[in-house]
Amino acid sequence: MATWVGALSRGGLLYADTEEEGAELALEILGEESLGQLREWFSSQTKDVVERERRGAIHACVWMANADRDLAPEEIEMLERIIAGSELPPKVQEELVAAIEDPLEPTDIAEELTQPGLRELVLGLAIRLAHADHTLDPDEEQAYEELTEAFSIDEGRADEIRARLVEG
């Protein structure tokens, strides 16, 4: 997730192999035209807007990681790495680390994460994170549905994203 948002908010400039992997996955979810539009959108935004969208993307990952109400130490460590690599100001990073134990609700996340294409990418990452253990439990399914609704993503599109990243 940090690689997607980082690369996109820098106009698509890739700094590392992990960013290239993130960009390839973003291309798979959005397609070339929509990914290009998202890059253009990011390049036309102010620093504050880019920061807000990054914050929202991380909050969505925190929400999904908490879906099963049992954060493993590895999940906490992964979230902390995402936050540390976010290029957000230290105070914002501190707030995001605190949110690991007390995540925002999906409707609040949607207020920060407003760009439709980025919402789809983050939804894709959320389902991939939830499926990291090769299972989706009912709580994770419910959390995915709640994010889908809060992000105003059509159910059919959400099913397509899930199929590409979980069943594919």
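The values are calculated or read from the model by the stated rules, or taken from the named source; none is laboratory data. Everything quoted here is computed from the prediction, not taken from an experiment. Here the Cβ positions follow ideal geometry from the backbone for every residue, glycine too, while neighbour counts run over all protein chains shown.
Applying the condition of being basic (Lys, Arg) and modelled with pLDDT of 90 or more to region 42-67 and asking which residue is farthest from Asp137 (Cα to Cα) yields Lys47. I'm trying to understand the selection: among the residues of region 118-139, which are of a type outside the set (A, V, I, L, M, F, W, C), under 15 Å from Arg162 (Cα atoms) and surrounded by 13 or more Cβ atoms within 10 Å (Cβ to Cβ)? Answer for region 118-139, where residues must be of a type outside the set (A, V, I, L, M, F, W, C), under 15 Å from Arg162 (Cα atoms) and surrounded by 13 or more Cβ atoms within 10 Å (Cβ to Cβ): Arg119, Glu120, Gly124, Arg128, His131, Asp137. Are any of the residues in region 1-19 surrounded by fewer than 20 Cβ atoms within 10 Å (Cβ to Cβ), farther than 20 Å from Pro116 by Cβ and either among the aromatic types (Phe, Trp, Tyr) or at pLDDT 75 or above (or both)? Yes, region 1-19 contains a residue that is surrounded by fewer than 20 Cβ atoms within 10 Å (Cβ to Cβ), farther than 20 Å from Pro116 by Cβ and either among the aromatic types (Phe, Trp, Tyr) or at pLDDT 75 or above (or both). Ala67: surrounded by 13 or more Cβ atoms within 10 Å (Cβ to Cβ), of a type in the set (Gly, Ala, Ser) and farther than 26 Å from Leu27 by Cβ, yes or no? It is true that Ala67 is surrounded by 13 or more Cβ atoms within 10 Å (Cβ to Cβ), of a type in the set (Gly, Ala, Ser) and farther than 26 Å from Leu27 by Cβ.
Taken as a whole, the condition of being closer than 22 Å to Asp108 by Cβ, acidic (Asp, Glu), assigned to a helix (DSSP H, G or I) and at pLDDT below 85 applies to Glu75.
Of the residues making up region 83-116, those that are surrounded by 20 or more Cβ atoms within 10 Å (Cβ to Cβ) and assigned to a helix (DSSP H, G or I) number 4. Quick one: is Ala143 touching a residue at least 24 places away in the same chain (Cβ under 8 Å), among the small types (Gly, Ala, Ser) and part of a helix (DSSP H, G or I)? The answer is yes for Ala143.
When Thr148 is tested against the conditions (1) closer than 16 Å to Trp63 by Cβ; (2) in contact (Cβ under 8 Å) with a residue 40 or more places away in the chain; (3) of a type in the set (S, T, N, Q), the lone failure is (2). Inspect region 157-164 for any residue being closer than 21 Å to Glu24 by Cα, out of contact with any Cys (no Cβ under 6 Å at 6 or more places or on another chain), of a type outside the set (Lys, Arg) and buried (at least 17 other Cβ atoms within 10 Å of the Cβ) and give the result as yes or no. Yes, region 157-164 contains at least one residue that is closer than 21 Å to Glu24 by Cα, out of contact with any Cys (no Cβ under 6 Å at 6 or more places or on another chain), of a type outside the set (Lys, Arg) and buried (at least 17 other Cβ atoms within 10 Å of the Cβ).
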